[in-house]
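Before anything else, here's the structure in question.
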Amino acid sequence: MIKIAPSILSADFAALATDIARVEAGGADQLHIDVMDGRFVPNITIGPVVVAAIRKRTRLPLDVHLMIVEPERYVPEFVAAGADMVTVHVEACTHLQRTLAQIRELGARAGVALNPSTPPAALEFVLDDLDLVLVMSVNPGFGGQSFIPSAHRKIRELRKLLGTRPVDVSVDGGVKADLAKSIADDGASTLVAGSAVFGAADPAAAVRAIRAAATAA
Ligand code: DX5
Ligand code: ZN
């Protein structure tokens with residue numbers, strides 16, 4: 001069963017609780033929260049206080065995507081704020097295995113994100129240390145960009161590399177209903193969507209439309 005994770009980056013930050021309630025009503029499986037530091041990516045978003053505020057307003061699992069340098073410095077704060085999954089970028093981690101172990105020790109699920117130019121082989125020696133892989137299908141930093149087609153082959157190669165391990169493969173960036181089926185067929189188990197959900201007039205309907213497209217025969 002494919003999971004849909006709306007990214008709040010495209011939500012109305014002044015009415016976040018309302019927007020979250022909308023996607024919950026649409027059957028969203030988890031919430032994707034983009035944390036940017038203005039260093040790893042050229043944009044700044046939110047920190048642990050906002051994650052803690054969201055935690056009080058929803059029962060959905062919180063999938064926190066850290067687009068920050070030295071993520072190990074902030075992992076404990078995000079877990080304490082209520083993150084269920086913490087994803088770090090392989091490009092931002094000098095000691096990736098240690099950081100993944102740190103996330104698991106704190107009781108969260110450990111994720112690694114791959115920039116579009118990073119090959120799946122970067123994960124070869126941490127395959128048993130991770131619970132999810134986030135394949136970036138845009139260069140991280142902004143919502144509303146176009147899906148980079150090479151992500152299709154990357155998802156397929158990643159699935160081969162993961163073998164039978166029960167690891168989630170999540171795809172983030174430019175995901176719209178019309179791409180959902182091909183991404184799911186490649187082997188993705190979670191679709192992250194920001195502008196396709198919160199840019200729609202009816203975000204609940206948009207979540208349902210992406211799921212319907214992904215699971216169509
Ligand atoms: C981009 C973020 C994404 C973003 C996706 O750096 O990681 O999660 O919100 O937005 P869309 O779905 O609009 O490409
Ligand atoms: Zn993201």
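Looking at (1) open to solvent by 20 Å² or more (accessible area, probe 1.4 Å); (2) over 30 Å from D129 (Cβ atoms), find the lone condition where P203 falls short.
Only one criterion is unmet by P203, namely (1).
From the list R104, R156, R165, R211, exactly one residue is more than 28 Å from P71 (Cα to Cα), of a type in the set (D, E, K, R) and either in contact with a Leu (Cβ under 8 Å, 6 or more places away or on another chain) or open to solvent by 10 Å² or more (accessible area, probe 1.4 Å) (or both). Which is it?
Answer to the check: R211.
Just to be sure I understand, how many residues within the range 1-39 are over 16 Å from the mean Cα position of the chain (by Cα) and open to solvent by 10 Å² or more (accessible area, probe 1.4 Å)?
Matching residues across the range 1-39 total 17.
Report yes if V50 is within 15 Å of ligand 2 (Cβ to nearest atom) and touching a residue at least 40 places away in the same chain (Cβ under 8 Å), otherwise no.
no
Quick one: A28 ticks every box in (1) part of a loop (DSSP other than H, G, I, E, B); (2) within 12 Å of ligand 1 (Cβ to nearest atom) bar one, so which box is it?
Single failed check for A28: (2).
For residues in the range 107-141 being under 24 Å from G194 (Cα atoms) and among the β-branched types (V, I, T), which is surrounded by the most Cβ atoms within 10 Å (Cβ to Cβ)?
V133
Next up: With (1) touching a Pro at 6+ places or on another chain (Cβ under 8 Å); (2) of a type in the set (D, E); (3) under 25 Å from V207 (Cα atoms) as the list, and E77 as the residue in question, which single condition is left unmet?
Evaluating E77 over (1) touching a Pro at 6+ places or on another chain (Cβ under 8 Å); (2) of a type in the set (D, E); (3) under 25 Å from V207 (Cα atoms) leaves (3) as the failure.
I've got another one for you. Consider the range 110-129. How many of its residues are more than 16 Å from ligand 1 (Cβ to nearest atom), of a type outside the set (A, V, I, L, M) and without any contact (Cβ under 8 Å) to a residue 40 or more places away in the chain?
5
For the range 136-171, name all the residues that are within 11 Å of ligand 1 (Cβ to nearest atom) and closer than 17 Å to H89 by Cα.
M136, S137, V138, N139, P140, G141, F142, S170, V171
Also, quick follow-up: Looking only at the range 1-15, filter to residues that are under 21 Å from E77 (Cβ atoms) and in contact (Cβ under 8 Å) with a residue 40 or more places away in the chain; which one of those is farthest from ligand 1 (Cβ to nearest atom)?
Among those that are under 21 Å from E77 (Cβ atoms) and in contact (Cβ under 8 Å) with a residue 40 or more places away in the chain, it is I8.
Filtering the range 142-153 down to residues that are surrounded by fewer than 18 Cβ atoms within 10 Å (Cβ to Cβ) and in contact (Cβ under 8 Å) with a residue 60 or more places away in the chain, which residue is nearest to ligand 2 (Cβ to nearest atom)?
The residue in question is F142.
Looking at the range 71-85, is at least one residue open to solvent by 60 Å² or more (accessible area, probe 1.4 Å) and either under 20 Å from G199 (Cα atoms) or aliphatic (A, V, I, L, M) (or both)?
yes
If you don't mind, another one. Out of (1) of a type in the set (G, A, S); (2) assigned to a helix (DSSP H, G or I); (3) closer than 24 Å to L158 by Cα, what's the single condition that is false for A52?
(3)
Identify all residues within the range 193-215 that are closer than 24 Å to L162 by Cβ and either away from ligand 1 (no atom under 12 Å from the Cβ) or without any contact (Cβ under 8 Å) to a residue 12 or more places away in the chain (or both); write none if there are none.
Those that are closer than 24 Å to L162 by Cβ and either away from ligand 1 (no atom under 12 Å from the Cβ) or without any contact (Cβ under 8 Å) to a residue 12 or more places away in the chain (or both): R211, A214, T215.
Cβ contacts < 6 Å: first residue more than 17 Å from S146 (Cβ to Cβ), restricted to the range 176-192; second residue within 15 Å of ligand 2 (Cβ to nearest atom) and open to solvent by 40 Å² or more (accessible area, probe 1.4 Å), any location; separation 6+ or different chain. Result?
Going by the 6 Å Cβ cut-off, the qualifying pairs are T190/K3.
The values are calculated or read from the model by the stated rules, or taken from the named source; none is laboratory data. The model shown is predicted, which means the values in this text are computed figures rather than measured ones. Quick reminder, even Gly has a Cβ in these numbers, built from the backbone with ideal geometry, and neighbours come from all protein chains shown. What goes into the accessible areas is simple: the full protein's heavy atoms, side chains included, and nothing from ligands, DNA or RNA. Shrake-Rupley method; radii C 1.70, N 1.55, O 1.52, S 1.80 Å.
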